[in-house]
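Since the structure comes first, as structure tokens, the remarks are kept for the end.
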Amino acid sequence: MAVDGAGADARAPGDPIEGDPEAADLHTPGFFSHPLGAAGFEAGKEAWRMLVGRFPGIRVVAEDILVDGDKAAVRSSVAGIGGDARPMLFEVFRIEDGRFAEMRGAGAGSPASAGPEDVVG
């Protein structure tokens with residue numbers, strides 16, 4: 001997917017988001033995740049490790065990516081967490097120098113068995 005500006009490094013809709021050894025390079029050193037209340041890429045990486053430990057088959061697929069200026073909004077589906085649940089994630093990223101600098105997000109449709117620690121985004 002070739003897009004100028006904030007979406008230049010975005011994945012195409014439908015591409016799975018899985019373990020990516022170059023993911024840290026896509027984040028600024030001061031990246032801040034509002035849902036985690038933490039700064040730095042490592043905090044998000046650890047949250048993802050915990051999710052994969054609980055749901056080894058988890059898969060997040062970007063369904064829609066909208067770019068406006070220095071913001072990118074992503075609607076993603078989540079699969080592989082068991083049962084018939086098909087949660088959706090809604091995230092807005094602020095882009096700085098072509099890298100993720102800040103993220104806000106929310107989810108919908110998580111299974112009743114999911115606890116607060118299962119909220120991604």
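The values are calculated or read from the model by the stated rules, or taken from the named source; none is laboratory data. Because the structure is predicted, anything quoted here is derived from the model rather than measured. Please note: Cβ atoms are built from the backbone with ideal geometry, for glycine as well, and neighbour counts cover all protein chains shown.
Do we have Phe41 as among the aromatic types (Phe, Trp, Tyr) and either farther than 12 Å from Arg94 by Cα or over 14 Å from the mean Cα position of the chain (by Cα) (or both) here?
Working: among the aromatic types (Phe, Trp, Tyr): yes; either farther than 12 Å from Arg94 by Cα or over 14 Å from the mean Cα position of the chain (by Cα) (or both): yes.
Spelling it out, Phe41 is indeed among the aromatic types (Phe, Trp, Tyr) and either farther than 12 Å from Arg94 by Cα or over 14 Å from the mean Cα position of the chain (by Cα) (or both).
Do we find that Ala72 is modelled with pLDDT of 95 or more and closer than 21 Å to Phe41 by Cβ in this structure?
Working: modelled with pLDDT of 95 or more: yes; closer than 21 Å to Phe41 by Cβ: yes.
Yes; evaluated as a whole, the condition is true for this residue.
Of everything in the stretch 75-104, what is at pLDDT 90 or above, over 17 Å from Thr28 (Cβ atoms) and either of a type in the set (Gly, Ala, Ser) or in contact with a His (Cβ under 9 Å, 6 or more places away or on another chain) (or both)? Give them in sequence order.
Ser76, Ser77
Applying the selection to the stretch 52-69, what residues are surrounded by 18 or more Cβ atoms within 10 Å (Cβ to Cβ) and at pLDDT below 90? Give the derivation first.
Our first condition is that a residue be surrounded by 18 or more Cβ atoms within 10 Å (Cβ to Cβ); within the stretch 52-69, this holds for 58, 60, 62, 65, 67.
Of everything in the stretch 52-69, those that are surrounded by 18 or more Cβ atoms within 10 Å (Cβ to Cβ) and at pLDDT below 90 turn out to be Ile58, Val60.
Name the residues in the stretch 24-46 that are under 18 Å from Val60 (Cβ atoms) and crowded, with 18+ Cβ neighbours inside 10 Å, would you?
Within the stretch 24-46, His27, Phe31, Ser33, Phe41, Gly44 meet the criteria.
When the stretch 89-104 is examined, which residues are found to be assigned to a strand (DSSP E or B), out of contact with any Leu (no Cβ under 7 Å at 6 or more places or on another chain) and over 15 Å from Pro35 (Cα atoms)? I'd like the intermediate steps shown before the answer.
Quick first cut of the stretch 89-104, residues assigned to a strand (DSSP E or B) only: 89-96, 99-104.
Of the ones still in play, those that are also out of contact with any Leu (no Cβ under 7 Å at 6 or more places or on another chain) are 89-96, 101-104.
Hits for the stretch 89-104 are Ile95, Glu96.
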